[in-house]
Amino acid sequence: MNLVTTPPSSQDSAALEAPGAKGCTEIPIFTRHPGNPILSRQDWPYPINSVFNAGAVLLPDGDTLLLCRVEDRSGLSHLCAARSANGIDAWRIDPKPTLIGNPSEYPEEIWGIEDPRITYVPELEQYAVAYTSFARGGPGVSLALTKDFRNFERFGVIMSPEDKDAALLPRRIDGRWALIHRPVTTLGAHMWISYSPDLRHWGSHKIILEARRGGWWDANKIGLCSPPIETAKGWLAIYHGVRQTASGNIYRLGLALFDLECPDKCLQRGDSWVFGPEAPYERGGDVNDVVFPCGQTIGADGDTINLYYGVADSSVALATGSIQYLLTWLDANSKSTQIANH
């Protein structure tokens, strides 16, 4: 994929800065779509406050499906599907919520459901949707399976509050399912992995990536963004880090790589963030200075990433990148992995 034909501006991309690699500052990590944002409340067929943080998947018919977090005018969120032939425009949006909180049967959903991550699971021939269910105890992780994004088998809460930012890996690891998630504990807000024989009972919990300390861009609070991408070198994860400033938090994106057969082992972690809020639609909204992907699709070339991200908790935007470039960037920018948590 030819990502860019002219040197990118700071408005259009986050540049690859590989020390000692000639010309790498000309290569973008992610390039924003010129039509951003691609979905906003004006597109919705029923009254809403905002749409953001969408899970994404390519359907067998070639359509891109976004399962969007939609905040209604009560302040509660639900999920609604939008489909497009090219993944950019002409979205066909479900005329009513696709998946909505059901507190009578699932009391953990009394204050809505949020931030889905979609994984296609070949063994089950279904899509696994990990999402945040919100109730009095705080946010927890819930799971549902679907074949068509019209009928869902709910599993209920699989990780109790406070926990979120979860995605299922698409295949078993040593006979067990694996879920990456982000509980908040006395240890802090770090990324964990847990394992299950049946998608219902979870254990073998382990931290896989810690929020750094001190002045780092991802100090104190991190979490998984879109589901990890399986590559020959390992599971490539895009994660968010939260920079706490005097004027509020800034949500930016970083990269990490985990072992294919032992995903609780981090192989590489980028030193710097690779994508952050720069465009006006990312800097200002219901929550300022937020870029937050929950899903991506991979192009027919097996390399192009179409990253769908929420902007300022107000709309959905699109950026493109290359898996190979991300792996190359990690090779050049992960020298401080051993000291990052100190």
Unmet criterion (only one of (1) surrounded by fewer than 24 Cβ atoms within 10 Å (Cβ to Cβ); (2) closer than 20 Å to Thr231 by Cα) for Asp313: (2)
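From the residues in the stretch 177-195 that are surrounded by fewer than 19 Cβ atoms within 10 Å (Cβ to Cβ) and touching a residue at least 24 places away in the same chain (Cβ under 8 Å), which one is nearest to Ala135 (Cα to Cα)?
Ala189
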Qualifying residue in the stretch 100-118 (condition: in a strand (DSSP E or B), within 15 Å of Asp43 (Cα to Cα), at pLDDT 95 or above and touching a strand residue (DSSP E or B) at 6+ places or on another chain (Cβ under 7 Å)): no
Test for Pro97: is it open to solvent by 40 Å² or more (accessible area, probe 1.4 Å), outside any strand (DSSP E or B) and closer than 26 Å to Leu143 by Cβ: yes
The stretch 38-97, residues that are in contact (Cβ under 8 Å) with a residue 24 or more places away in the chain, among the hydroxyl-bearing types (Ser, Thr, Tyr) and closer than 21 Å to Glu109 by Cβ: Tyr46, Ser50, Ser77
Counted residues, the stretch 201-218 - those being among the small types (Gly, Ala, Ser) and at pLDDT 95 or above: 3
Strands (runs of 3 or more DSSP E) wholly inside the stretch 200-273 that include at least 1 residues being out of contact with any Leu (no Cβ under 8 Å at 6 or more places or on another chain): 203-209, 222-224, 234-245, 248-258
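The values are calculated or read from the model by the stated rules, or taken from the named source; none is laboratory data. Quick caveat: nothing in here was measured; it's all calculated off a predicted structure. When we count neighbours, we look across all protein chains shown, and the Cβ atoms used for this are built from the backbone with ideal geometry, even at glycine. For the accessible areas, the whole protein counts, side chains as well, though only heavy atoms, and no ligand, DNA or RNA atoms are used. Shrake-Rupley method; radii C 1.70, N 1.55, O 1.52, S 1.80 Å.
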